[in-house]
Amino acid sequence: MAEVEEGPAGGSGSEPLDLVRLLLDEVVFVKLRGDRELQGRLHAYDSHMNLILGDVVETIYVVDDEEEDDEIRTTTKKSEMLFVRGDSVVLLSPQNSS
Amino acid sequence: MENGNVATQAEGKDPAGFLSDILFKPVTVKLNSGVVYKGELQSVDGYMNIALEKTEEYVNGAKRRTYGDAFVRGNNVMYISAES
């Protein structure tokens, strides 16, 4: 399925997953479906983008209908270790850059 | 890749050929959610996973965030556009 593309000529860092490999053991920012974001240390990943994160802070954005102007509230949750199923991942980035 | 497994296809008619043409150039990536990323295209794979550099994130047209490097999972991608 993913066999086309680029080819070996691309040289160093020629495919997107190489970027993720560089982030192993680093603190990363992950954007998920459903207006959720994670920050944590990337312990492991696979080609589905299943992730194992450590010392995670999850931020959830909710539009609060109770408030008058549909104010956006954030909820945070902390977990020591988190397995993230790959299909909910939208974006992954080193944390230091945001 | 021209002499690879796509040799039978006419040059420029292959979407993947377009992608290798715009590699390392500024691009706009729109996701199905409507979020837009602008940055330099570092790499793309067959899933349309994308690595971007110097990325700006736009939500509803307003800039939200910037990322030095960003990996975008391919299933979220609506289109990749070369920025003029």
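Data table
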| read-out | value |
| --- | --- |
| Residues (within 13 Å of the chain's Cα centre (by Cα) and open to solvent by less than 50 Å² (accessible area, probe 1.4 Å)) located in segment B:52-62 | B:Leu52, B:Thr55 |
| Residues satisfying the stated conditions in segment B:22-34, i.e. over 9 Å from the mean Cα position of the chain (by Cα) and either within 10 Å of another protein chain (Cβ to nearest Cβ) or without any contact (Cβ under 8 Å) to a residue 40 or more places away in the chain (or both) | B:Phe24, B:Leu31, B:Asn32, B:Ser33, B:Gly34 |
| Qualifying residue in segment B:70-78 (condition: more than 13 Å from A:Lys31 (Cβ to Cβ), modelled with pLDDT of 95 or more, touching a Lys or Arg at 6+ places or on another chain (Cβ under 7 Å) and in a strand (DSSP E or B)) | yes |
| Every residue from segment A:11-25 that is closer than 15 Å to B:Ala70 by Cα and away from every other protein chain (no Cβ under 11 Å) | A:Leu24 |
| Given (1) crowded, with 17+ Cβ neighbours inside 10 Å; (2) more than 17 Å from A:Phe29 (Cα to Cα); (3) out of contact with any helix residue (DSSP H, G or I) (no Cβ under 9 Å at 6 or more places or on another chain), index of the condition B:Arg65 fails | (2) |
| Residue match in segment A:66-84 (condition: closer than 24 Å to B:Asn32 by Cα, open to solvent by less than 30 Å² (accessible area, probe 1.4 Å) and outside any strand (DSSP E or B)) | no |
| Residues of segment B:24-38 that turn out to be on the phi < 0 side of the Ramachandran plot and either open to solvent by 30 Å² or more (accessible area, probe 1.4 Å) or small (Gly, Ala, Ser) (or both), as a count | 6 |
| Flag for B:Glu2 being modelled with pLDDT of 95 or more and within 11 Å of chain A (Cβ to nearest Cβ) | no |
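Quick grid of which residues meet (1) of a type in the set (Asp, Glu); (2) at the interface with another protein chain (Cβ under 9 Å from one of its Cβ atoms); (3) closer than 23 Å to B:Tyr67 by Cβ; (4) over 18 Å from the mean Cα position of the chain (by Cα):
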position	(1), (2), (3), (4)
A:Val28	no, no, yes, no
A:Lys31	no, yes, yes, no
A:Leu38	no, no, yes, no
A:Asp46	yes, no, yes, no
A:Glu66	yes, no, no, yes
A:Arg73	no, no, no, yes
A:Met81	no, no, no, no
A:Gly86	no, yes, yes, no
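The values are calculated or read from the model by the stated rules, or taken from the named source; none is laboratory data. Please read these numbers as outputs of a predicted model, since none were measured by experiment. Ideal geometry is used to build each Cβ from the backbone, glycine not excepted, and the neighbour counts take in all protein chains shown. What goes into the accessible areas is simple: the full protein's heavy atoms, side chains included, and nothing from ligands, DNA or RNA. Shrake-Rupley method; radii C 1.70, N 1.55, O 1.52, S 1.80 Å.
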